[in-house]
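Notes to accompany the following structure.
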Amino acid sequence: MTSSRSPLPPLSSPSSPSGSPSSAVSRRGLLAAAGAVGAAGLLGASAGSASAASPGRASAALVIRNARVFSGVEHGRPAQAVAVGRDGKILATGTDAALRRYVGRDTEVVDARGNTVMSGIHDGHVHPLGAGDRSLRPSLDGAETTEAGLRTALTGFLAATGGAGAEPDRWLVVEDWNPVGLLPAGTLPHHRMLDALATRRPVILVGGDGHNLWANRRALDIAGITAATPDPVGGRIVRGPDGQPTGVLKDDAQELVKRHVPQPSRAELLAACAEVLELAAASGVTTMMDALVGRHELELYQELAGSGRLPQRIVPAIRLDVERTKDPAGALAYARGLRREFEGVRGLRFGTVKVFLDGVIEYPAQTAALLEPYLDGAGRPTDNRGELYVSAQDYGRLTAAFNSAGWQMHAHGLGDRAVRTALDGYAYARRATGLRDPRNAVAHLQLVDPADLRRFAELGVAACMQLQWAARDTWTVEALLPWIGPRRHRWMYPARSLEAAGARLAGGSDWPVDDLQVWNQLRTAVDRQGAAGTGELYRELEGLSRTSALRMHTAGTAWQLRQEGLTGTVEEGRAADLVVLDRDVTRCPVADISATEVRMTLVGGRMVHDADSSAGRAAAARTASARAARAAAGPRPASYAAVHGGRHRACGCGAK
């Protein structure tokens with residue numbers, strides 16, 4: 001990709017072969033484009049700048065040519081070029097020849113070298129501030145390890161976080177512990193294993209699944225957890241045969257220990273959050289729905305926006321805990337109060353609330369709510385159907401109250417019983433309010449009963465899926481198949497079945513539950529294997545077409561977030577939230593999509609990532625390093641699909 005300040009070069013200018021990455025970029029030209037679009041968007045176009053374009057036409061701030069434009073518009077016309085106006089909106093799309101008329105004396109022209117230009121990625125379920133917070137602590141990266149190997153890793157972390165000078169009171173908090181990763185398989189965590197470390201410091205390992213925490217004896221003592229400590233509402237203190245705590249805390253019981261852990265300084269946290277937002281921009285993400293927000297997160301967004309470090313559009317989903325779900329009027333007053341206080345923050349758009357309906361499905365947690373009981377691993381039913389945190393009746397009343405006030409609901413539903421509960425609640429709200437398009441959503445949808453597929457379209461409910469988990473590996477097979485059986489297992493992440501039933505598909509990453517690997521996420525939606533899978537997971541039944549996967553993560557999620565009139569497609573009048581890629585993702589081999597690099601990201605016509613700038617190179621290097629580390633690590637536990645930080649306070653964001 002190259003750029004210039006002269007008129008468009010000849011149309012015979014060579015392009016890269018279809019699907020062949022081309023990353024050449026003129027950093028000076030791209031930075032000039034950022035200035036032209038950004039400044040003009042704020043100040044408006046001058047009369048003089050239009051005079052060099054075709055008579056009667058305002059010149060564009062930026063024209064991207066020699067591209068393969070994926071418009072995201074159903075039955076849209078093929079296009080080679082996009083013109084971006086000085087107000088940050090798309091002026092036109094079309095052929096290179098047709099868009100010559102928008103080139104003025106100060107129009108920046110970028111040659112995409114035959115690669116894809118498309119809408120920026122819309123992440124419909126993510127925890128970006130949690131990713132920032134997590135980045136401040138050491139991580140086990142979901143590794144499977146023996147007890148001896150774990151002690152070796154933790155000994156290194158102790159040395160790296162202060163060594164002897166940190167004794168005896170500095171907490172060691174380690175992220176992304178694999179709750180089922182102790183080897184040999186079946187080994188259960190106990191505080192005695194952590195107590196064997198040569199330290200007196202309190203030590204906790206935070207599960208990558210968000211539902212488990214493992215503490216040593218010192219941490220339990222600081223928290224005052226004994227055999228007599230009752231389980232908190234929504235949580236469990238795991239106990240041994242002797243009735244004593246083992247050190248493992250599940251769900252909301254984690255907060256018994258976490259509340260004692262010192263927090264990073266405000267400056268450290270803000271810097272970390274700004275860095276991960278840059279990573280998201282470098283990955284092509286232009287809009288995010290933060291799926292877990294309270295006052296703490298809103299204050300962080302306020303400070304980031306005020307210091308010019310908030311590059312994306314953010315839709316904050318205000319988290320409602322279980323108690324608030326029982327009081328619709330009080331919950332609505334709470335959400336409205338936060339909106340009034342923070343609605344002036346640039347980049348934020350309110351109108352969504354988040355509710356957890358269940359937990360996670362993988363063994364051994366098995367807290368996702370199922371219609372039929374879990375099996376015992378040998379095909380025999382148990383008496384466990386998981387945990388349903390909110391009844392359909394309560395969820396329906398809550399939904400009716402929020403929908404009537406113009407808000408939309410976003411439900412965490414992994415198990416098929418939780419999914420049905422959400423749909424039953426939405427059906428009740430429709431009957432009660434008469435509203436036909438409140439744009440409610442269910443996220444995750446790991447297991448959906450086939451009887452419920454058509455209800456998404458009937459009720460106008462967005463199906464927000466995290467399809468990077470839809471790959472065959474140890475966690476989607478060994479940790480699931482024996483516990484739910486083949487009949488239910490076939491309905492894992494039923495994307496194509498939902499689409500065929502008329503459902504609107506939306507996409508999300510649930511980052512930092514998983515690494516932010518946007519383009520592998522899109523690839524996996526198609527081939528149901530991705531870069532790390534050991535095989536395909538029902539590709540013939542549930543794999544999406546490439547076009548569906550791209551639309552799902554752009555126009556589909558824009559629809560979920562009620563901003564389809566603003567973003568999500570590349571067409572005249574939409575905001576110029578665009579990405580320029582290093583390959584043609586519409587035609588390259590599907591497996592090559594995973595390695596896609598983003599050369600340029602615009603939000604509202606403003607440059608937020610330039611791969612050839614110093615900041616862009618640093619962000620791209622971090623992204624590439626994470627991708628390489630991820631590939632080297634092998635299959636990631638699919639159970640990480642459920643770090644749902646909010647209700648369980650596990651994604652490190654300190655939701656209030």
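The values are calculated or read from the model by the stated rules, or taken from the named source; none is laboratory data. Note that this is a predicted model, so its numbers are computed, not measured. Backbone-built Cβ (ideal geometry, glycine too); neighbour counts: all protein chains shown. Calculation scope for accessible area: heavy atoms of the full protein, side chains included, ligands and nucleic acids excluded. Shrake-Rupley method; radii C 1.70, N 1.55, O 1.52, S 1.80 Å.
Structure above, values below:
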| read-out | value |
| --- | --- |
| Residue satisfying condition, being modelled with pLDDT of 95 or more, among the acidic types (Asp, Glu) and in contact with a helix residue (DSSP H, G or I) (Cβ under 9 Å, 6 or more places away or on another chain), within set GLU343, GLU299 | GLU299 |
| Selection status of GLY142, under 26 Å from LEU197 (Cα atoms) and either aromatic (Phe, Trp, Tyr) or open to solvent by less than 20 Å² (accessible area, probe 1.4 Å) (or both) | yes |
| Pick from the stretch 162-183, criterion at pLDDT 95 or above and of a type in the set (Val, Ile, Thr), ranking: farthest from THR145 (Cα to Cα) | VAL173 |
| Members of the stretch 346-393 that are over 23 Å from the mean Cα position of the chain (by Cα), closer than 23 Å to ALA317 by Cβ and open to solvent by less than 10 Å² (accessible area, probe 1.4 Å) | VAL390 |
| Filter pass, SER497 being closer than 23 Å to GLU74 by Cβ, without any contact (Cβ under 8 Å) to a residue 40 or more places away in the chain and surrounded by fewer than 24 Cβ atoms within 10 Å (Cβ to Cβ) | no |
| Selection from the stretch 481-491 of residues that are in contact (Cβ under 8 Å) with a residue 40 or more places away in the chain and touching a helix residue (DSSP H, G or I) at 6+ places or on another chain (Cβ under 8 Å) | ARG488, ARG490, TRP491 |
| Residue in the stretch 564-571 that is open to solvent by less than 20 Å² (accessible area, probe 1.4 Å), in a loop (DSSP other than H, G, I, E, B), on the phi > 0 side of the Ramachandran plot and in contact (Cβ under 8 Å) with a residue 60 or more places away in the chain present | yes |
| One residue from VAL448, VAL442 being in contact with a Cys (Cβ under 8 Å, 6 or more places away or on another chain) and open to solvent by less than 30 Å² (accessible area, probe 1.4 Å) | VAL442 |
| Search result, residues across the stretch 400-439 that are among the aliphatic types (A, V, I, L, M) and in a helix (DSSP H, G or I) | ALA400, ALA401, ALA418, VAL419, ALA422, LEU423, ALA427, ALA429, ALA432 |
| Conditions (1) buried (at least 17 other Cβ atoms within 10 Å of the Cβ); (2) over 25 Å from LEU269 (Cα atoms): number failed by GLY132 | (2) |
| Selection within the stretch 74-89 - of a type outside the set (Lys, Arg), surrounded by fewer than 23 Cβ atoms within 10 Å (Cβ to Cβ) and at pLDDT 95 or above | ALA79, GLN80, ASP87, GLY88 |
| Tally, over the stretch 589-647, of residues that are more than 27 Å from LYS89 (Cα to Cα), open to solvent by 20 Å² or more (accessible area, probe 1.4 Å) and modelled with pLDDT under 85 | 16 |
| Candidate set: the stretch 509-535, residues that are of a type in the set (S, T, N, Q) and in a loop (DSSP other than H, G, I, E, B); chosen: the one least open to solvent (accessible area, probe 1.4 Å) | SER509 |
| Candidate set: the stretch 207-233, residues that are open to solvent by less than 20 Å² (accessible area, probe 1.4 Å) and at pLDDT below 95; chosen: the one nearest to GLY165 (Cα to Cα) | GLY207 |
| Residue within the stretch 446-459 that is in contact with a His (Cβ under 9 Å, 6 or more places away or on another chain) and closer than 30 Å to ALA185 by Cα present | yes |
| One residue from ARG101, ARG77, ARG105 being over 21 Å from MET607 (Cβ atoms) and either more than 31 Å from the chain's Cα centre (by Cα) or of a type in the set (Phe, Trp, Tyr) (or both) | ARG101 |
| One residue from GLY308, GLY294 being at positive phi and either out of contact with any strand residue (DSSP E or B) (no Cβ under 6 Å at 6 or more places or on another chain) or surrounded by 15 or more Cβ atoms within 10 Å (Cβ to Cβ) (or both) | GLY308 |
| Tally of residues being in contact (Cβ under 8 Å) with a residue 40 or more places away in the chain and either of a type in the set (Phe, Trp, Tyr) or outside any strand (DSSP E or B) (or both) across the stretch 584-615 | 20 |
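Residue-by-condition table, conditions (1) part of a loop (DSSP other than H, G, I, E, B); (2) closer than 17 Å to THR557 by Cβ; (3) at pLDDT 95 or above; (4) touching a strand residue (DSSP E or B) at 6+ places or on another chain (Cβ under 9 Å):
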{"site": "PHE456", "(1), (2), (3), (4)": "no, yes, yes, yes"}
{"site": "THR474", "(1), (2), (3), (4)": "yes, no, no, no"}
{"site": "GLU478", "(1), (2), (3), (4)": "yes, no, no, no"}
{"site": "GLY485", "(1), (2), (3), (4)": "no, no, yes, yes"}
{"site": "ARG488", "(1), (2), (3), (4)": "no, no, yes, yes"}
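Conditions tested, residue by residue: (1) closer than 30 Å to SER613 by Cα; (2) surrounded by 18 or more Cβ atoms within 10 Å (Cβ to Cβ); (3) aromatic (Phe, Trp, Tyr); (4) touching a Gly at 6+ places or on another chain (Cβ under 6 Å).
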site	(1), (2), (3), (4)
PRO245	no, yes, no, no
VAL248	no, yes, no, no
PRO262	no, no, no, no
ARG266	yes, no, no, no
LEU279	yes, yes, no, no
